[in-house]
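Report on the structure given below.
The values are calculated or read from the model by the stated rules, or taken from the named source; none is laboratory data. From a predicted model like this one, the values you see are computed outputs, not experimental measurements. Cβ placement follows ideal geometry from the backbone for every residue including glycine, while neighbour counts extend to all protein chains displayed. Ligands, DNA and RNA are excluded from the accessible area calculation, which covers all protein heavy atoms including side chains. Shrake-Rupley method; radii C 1.70, N 1.55, O 1.52, S 1.80 Å.
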Amino acid sequence: MNVVAKFEIPYYQCLDESSILHGNLPDSVKDTKQLVKLYRLMVLLRIFDTKAIALQRTGKLGTYPSTRGQEAVFVGMGAALANDDVFVPYYRDVGTLIQRGVKLSDILLYWGGDERGNCYHKDSEDFPYSVPVGSQPLHGAGIATALKIRGEKRAVLVTCGDGASSQGDFYEALNVAGAWKLPIVFVVSNNQWAISVPRSAQSASQTIAQKAVAAGIEGEQVDGNDVIAVCDRVTLALKKAREKNEPVLLEILSYRQSDHTTADDASRYEPQGIREKEWLKEPIGRMRKYLEAAKLWDEEKEKALQAECSVDVEGVVKEYLNTPPQSPESMFDSLYAKLPDIYLEQREQLIQKEIVAHG
Amino acid sequence: MADITLVEAITQALAYEMRKDKDVVILGEDVGKDGGVFRATLGLLNEFGPERVRDTPLAESMIAGLAIGMAAQGLKPVAEFQFMGFIYPAYDQIVNHAARIRNRTRGRLSCPVVFRTPYGAGIHAPEHHSESTEAIFAHIPGLRVVVPSSPARAYGLLLASIRDPDPVIFLEPSRLYRWAKQEVPDDGKALPLDVCFTLRVGTDVTLVTWGAMVKETLAAADTLAKQGISAEVIDVATIKPLDIETILASVEKTGRCVIIHEAARSCGVGADISAQIAERGLMFLQAPVQRVTGYDTIVPYARLEKLYIPNEKQILAAVTNVMEFA
């Protein structure tokens, strides 16, 4: 017998569960301003998240997927992206999108049931959330193909959850990224749950990162409660993609400190006590403790930040709630570049229906 | 100028547009060196190179998903699926993403992709190589479904489809790929989408069809002419959006309509055309609308497929029914 292939999957962590930094700060995150910025964004994200859930509970927002406990994953990725990279998100990526020029009020607008929340800003090439789980890695690979054809030194970052890693499209995307050497980074945000199905039932694979091996690309695990490690590993992976056309799969490990969405009740399936145990590794407290030890943060700054974020989020909510509604005919007006004449009659009927309904 | 076949007209249109527009990129299984299983992309790899003529790994959903991402970046991908029977893994990508991305982003992103695939029975191919399932695409808002039926229309409609800013399902009747030759000037002139083509003007009965069935329908019209019946033949060409006005105007003139399609009858596109004639043209009709279609069964394997495809005799019988209705 000859062994024809062997592999290993590295695991990266900078700041451990006790907020001890192992080694030096990585080059991509050594600026103290950058460290504080990452922390501030995580705090903003959690305050926004709490508010969004409250809005849903009071009937002012539709179904909303919480980001609680996963702040380091999304904030770290957003900080790693270059402006002209292209981002292809999944539905929990609020903390990344806000670093891509997307307004928090637009994120509420989207979850409030309004497609205009996907408009972002007019120059954005980023994709809207892919709702059919796991279909977006292929869009990322297509974007990366276009960037490579045009010889641009840009990269694509595409994200999905651990459940999505069971989809065929996920494997197809990894495979073509390897075969065509595409400038793309795949992130699996492994929060241990796909609605009610735990990671252990999703796949017998020891890690999700090792799914890269069969595609001939690199795979690694990153501590997703460590914003420094996330930011650094995604930064390095994007650099590799941009400069060498070497795709990478990052499995970023965290824990979903919430129901799947506001339409879910995790108490029906989540073992008791696990969330509390996982909370000990939670990213915001971990980073705060580190910043305080490094004399970059204190109670006073914390109070000021909390107050500032609350005011900001109230402003965002006001802007969201005051957004004028779309016209009824908007449901036709972006269907095609120019609506074929044959559908004008239905569009007119819809307008009349609205007049009668509110008449 | 030499006459060319329908499949050669496809190649000619692809080459013309690739020379003119550097954003046009071809991708699919075996489209490179092999020139595609029907040779529709023959010679394009040599002329345009492997960046623009891309042999993909074997995964149809991937082909569609890649094309969507490429198109969002401003490329104009022409994606080939080897046979329509293999397009279904890509259905999710086409329906959930290609058809919706413009609407979802209120026009910020778009999907100018042409999804090409041979379709239809009659070439003695293996199982799963003979389906005509255009209706499952015609049902989807945001898509166009285009079917050529001659070399000239293949050339003109493919150019129009590539230039169209929205996704087009371009169905090439494989039975007609090498059936007839025709002179097709390589002048880059597109034909209009979203309109029917009246292939033959007549006064007694309207025959509505598309794709490979145009062949049998034109033959039936010839036979009818000898019998003194003047048939108008309409090639629908763009199945979605459907140009019902041309069909209604013809039915107003003739008072009789037979719809011919190769696809299974139930929920076929013929049902929609018939319903629209009933809704808006009932007063023109001197006889109920008739349909001549494939059967509501799985397209049989090679030995029985000829029995499945509607023939001229069936068309003539349906015309007799509507002519003699009283």
*May I ask you to list the residues in the stretch A:145-192 that are under 20 Å from B:Asp92 (Cα atoms), open to solvent by 10 Å² or more (accessible area, probe 1.4 Å) and within 9 Å of chain B (Cβ to nearest Cβ)?*
A:Gly168, A:Asp169, A:Tyr171, A:Glu172, A:Asn175
*Would you please list the contacts, defined by Cβ atoms under 6 Å and residues six or more apart or on different chains, that run from a residue in the stretch B:229-251 that is more than 14 Å from chain A (Cβ to nearest Cβ) to a residue that is assigned to a loop (DSSP other than H, G, I, E, B) and buried (at least 24 other Cβ atoms within 10 Å of the Cβ)?*
B:Asp235/B:Ser149; B:Asp235/B:Trp210
*From the list A:Arg40, A:Arg46, pick out the single residue that is basic (Lys, Arg), open to solvent by less than 70 Å² (accessible area, probe 1.4 Å), in contact (Cβ under 8 Å) with a residue 60 or more places away in the chain and farther than 22 Å from A:Ile208 by Cα.*
A:Arg46
_Failed item in (1) open to solvent by 10 Å² or more (accessible area, probe 1.4 Å); (2) within 30 Å of A:Asp126 (Cβ to Cβ), with B:Ala64 passing the rest_ = (1)
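Please pick out the residue among A:Ala209, A:Ala215, A:Ala266 that is over 20 Å from A:Ile20 (Cβ atoms) and surrounded by fewer than 18 Cβ atoms within 10 Å (Cβ to Cβ). So that I can check it myself, show each step before the final result.
On the way: A:Ala209 fails: surrounded by fewer than 18 Cβ atoms within 10 Å (Cβ to Cβ); A:Ala215 fails: surrounded by fewer than 18 Cβ atoms within 10 Å (Cβ to Cβ).
Just one listed residue meets the conditions, A:Ala266.
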*Residue pairs meeting the criteria (Cβ under 6 Å; at least 6 apart or on separate chains; first over 20 Å from B:Asp194 (Cβ atoms), in the stretch A:322-337; second surrounded by 15 or more Cβ atoms within 10 Å (Cβ to Cβ) and of a type in the set (Phe, Trp, Tyr))*: none
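From B:Gly107, B:Gly74, grab the single residue that is surrounded by fewer than 22 Cβ atoms within 10 Å (Cβ to Cβ), over 23 Å from B:Glu134 (Cα atoms), touching a residue at least 40 places away in the same chain (Cβ under 8 Å) and facing another protein chain (nearest Cβ under 9 Å). Break it down into steps so the answer makes sense when it comes.
Values: B:Gly107 fails: touching a residue at least 40 places away in the same chain (Cβ under 8 Å).
Answer to the check: B:Gly74.
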*Checking B:Gly202 against (1) in contact (Cβ under 8 Å) with a residue 40 or more places away in the chain; (2) within 17 Å of the chain's Cα centre (by Cα); (3) part of a loop (DSSP other than H, G, I, E, B), which test does it fail?*
(2)
*Of the numbered conditions (1) more than 9 Å from chain B (Cβ to nearest Cβ); (2) open to solvent by less than 10 Å² (accessible area, probe 1.4 Å); (3) touching a residue at least 40 places away in the same chain (Cβ under 8 Å); (4) under 16 Å from the mean Cα position of the chain (by Cα), A:Val86 satisfies every one except a single condition; which is it?*
(1)
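Yes or no: B:Gly281 in contact with a Lys or Arg (Cβ under 8 Å, 6 or more places away or on another chain) and under 30 Å from A:Pro340 (Cα atoms)? Before you say what the answer is, go through the steps one by one.
Numbers: in contact with a Lys or Arg (Cβ under 8 Å, 6 or more places away or on another chain): no; under 30 Å from A:Pro340 (Cα atoms): yes.
In short, no.
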*Within the bounds of the stretch B:131-141, is there any residue that is modelled with pLDDT under 95 and either part of a loop (DSSP other than H, G, I, E, B) or more than 9 Å from chain A (Cβ to nearest Cβ) (or both)?*
yes
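Would you confirm, using the coordinates I've provided, whether A:Leu21 is within 18 Å of A:Val234 (Cβ to Cβ), of a type in the set (A, V, I, L, M, F, W, C) and at pLDDT 95 or above?
Numbers: within 18 Å of A:Val234 (Cβ to Cβ): no; of a type in the set (A, V, I, L, M, F, W, C): yes; at pLDDT 95 or above: yes.
The answer is no for A:Leu21.
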*Could you list all residues from the stretch B:25-50 that are within 11 Å of chain A (Cβ to nearest Cβ) and either touching a residue at least 12 places away in the same chain (Cβ under 8 Å) or under 21 Å from B:Ser161 (Cβ atoms) (or both)?*
B:Val25, B:Leu27, B:Pro50
*helices (runs of 4 or more DSSP H) lying entirely in the stretch B:260-326 (those with 3 or more residues that are open to solvent by 20 Å² or more (accessible area, probe 1.4 Å))*: B:269-281, B:312-324
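Assess whether B:Gln182 counts as being polar (S, T, N, Q) and either farther than 30 Å from B:Ala15 by Cα or within 14 Å of chain A (Cβ to nearest Cβ) (or both). If you could, list the steps in order and put the result at the bottom.
Details: polar (S, T, N, Q): yes; either farther than 30 Å from B:Ala15 by Cα or within 14 Å of chain A (Cβ to nearest Cβ) (or both): no.
Spelling it out, it is not the case that B:Gln182 is polar (S, T, N, Q) and either farther than 30 Å from B:Ala15 by Cα or within 14 Å of chain A (Cβ to nearest Cβ) (or both).
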_Hey, B:Ile87 in the same structural domain as B:Arg163 (by TED's automatic domain parsing), among the β-branched types (Val, Ile, Thr) and within 21 Å of B:Ser110 (Cβ to Cβ) or not_ = no
*Filter the stretch A:316-346 down to residues that are open to solvent by less than 40 Å² (accessible area, probe 1.4 Å) and in a helix (DSSP H, G or I) and give me whichever is farthest from the other protein chains (Cβ to nearest Cβ).*
A:Val317
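Looking for whichever is open to solvent by 20 Å² or more (accessible area, probe 1.4 Å), in contact with a strand residue (DSSP E or B) (Cβ under 9 Å, 6 or more places away or on another chain) and closer than 28 Å to B:Ile309 by Cβ here; the options are B:Thr117, B:Thr133. Which one fits? Before the answer, list the steps.
Values: B:Thr117 fails: open to solvent by 20 Å² or more (accessible area, probe 1.4 Å).
It is B:Thr133.
Could you tell me whether any residue of the stretch B:95-102 is assigned to a loop (DSSP other than H, G, I, E, B), more than 25 Å from the chain's Cα centre (by Cα) and at the interface with chain A (Cβ under 10 Å from one of its Cβ atoms)? Step through it out loud before you land on a result.
Residues of the stretch B:95-102 assigned to a loop (DSSP other than H, G, I, E, B): B:99-100.
Subsequent filtering for residues that are more than 25 Å from the chain's Cα centre (by Cα) retains none.
Taking every residue of the stretch B:95-102 in turn, none turns out to be assigned to a loop (DSSP other than H, G, I, E, B), more than 25 Å from the chain's Cα centre (by Cα) and at the interface with chain A (Cβ under 10 Å from one of its Cβ atoms).
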_Going through A:Gly62, A:Gly69 one at a time, which residue ends up being open to solvent by 10 Å² or more (accessible area, probe 1.4 Å) and touching a Ser or Thr at 6+ places or on another chain (Cβ under 9 Å)?_
A:Gly62
*Pick from B:Gly202, B:Gly107, B:Gly142, B:Gly156: which is outside the structural domain of B:Glu29 (by TED's automatic domain parsing) and either over 25 Å from B:Ile273 (Cβ atoms) or of a type outside the set (S, T, N, Q) (or both)?*
B:Gly202
*Hey, A:Asn2 hits all of (1) assigned by TED's automatic domain parsing to the domain that holds A:Gly161; (2) surrounded by fewer than 23 Cβ atoms within 10 Å (Cβ to Cβ); (3) part of a loop (DSSP other than H, G, I, E, B); (4) at negative phi but one; which does it fall short on?*
(1)
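Please specify each residue of the stretch A:15-37 satisfying the condition of being within 20 Å of A:Trp279 (Cβ to Cβ) and either surrounded by 15 or more Cβ atoms within 10 Å (Cβ to Cβ) or among the polar types (S, T, N, Q) (or both).
A:Leu15, A:Asp16, A:Ser18, A:Ser19, listed by residue number.
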*Checking A:Gly117 against (1) closer than 13 Å to A:Tyr129 by Cα; (2) open to solvent by 40 Å² or more (accessible area, probe 1.4 Å), the condition it does not meet*: (2)
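Being within 29 Å of A:Tyr171 (Cα to Cα), out of contact with any His (no Cβ under 7 Å at 6 or more places or on another chain) and at pLDDT 95 or above is true for just one of B:Val31, B:Val7. Which residue is that? Lay out the reasoning, then the answer.
Values: B:Val7 fails: within 29 Å of A:Tyr171 (Cα to Cα).
Of B:Val31, B:Val7, the one residue that is within 29 Å of A:Tyr171 (Cα to Cα), out of contact with any His (no Cβ under 7 Å at 6 or more places or on another chain) and at pLDDT 95 or above is B:Val31.
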*When both residues are 6+ apart or on different chains and their Cβ atoms are under 6 Å apart, which pairs have a first residue that lies in the stretch A:126-144 and is facing another protein chain (nearest Cβ under 7 Å), and a second that is among the acidic types (Asp, Glu) and open to solvent by 10 Å² or more (accessible area, probe 1.4 Å)?*
A:Ser135/A:Asp169; A:Leu138/A:Asp169
_Long-range neighbours under 7 Å by Cβ, at least six apart or interchain, first residue closer than 14 Å to A:Ser166 by Cβ within the stretch A:193-218, second open to solvent by less than 30 Å² (accessible area, probe 1.4 Å) and of a type in the set (Lys, Arg)_ = A:Trp193/A:Arg256; A:Ser205/A:Lys211
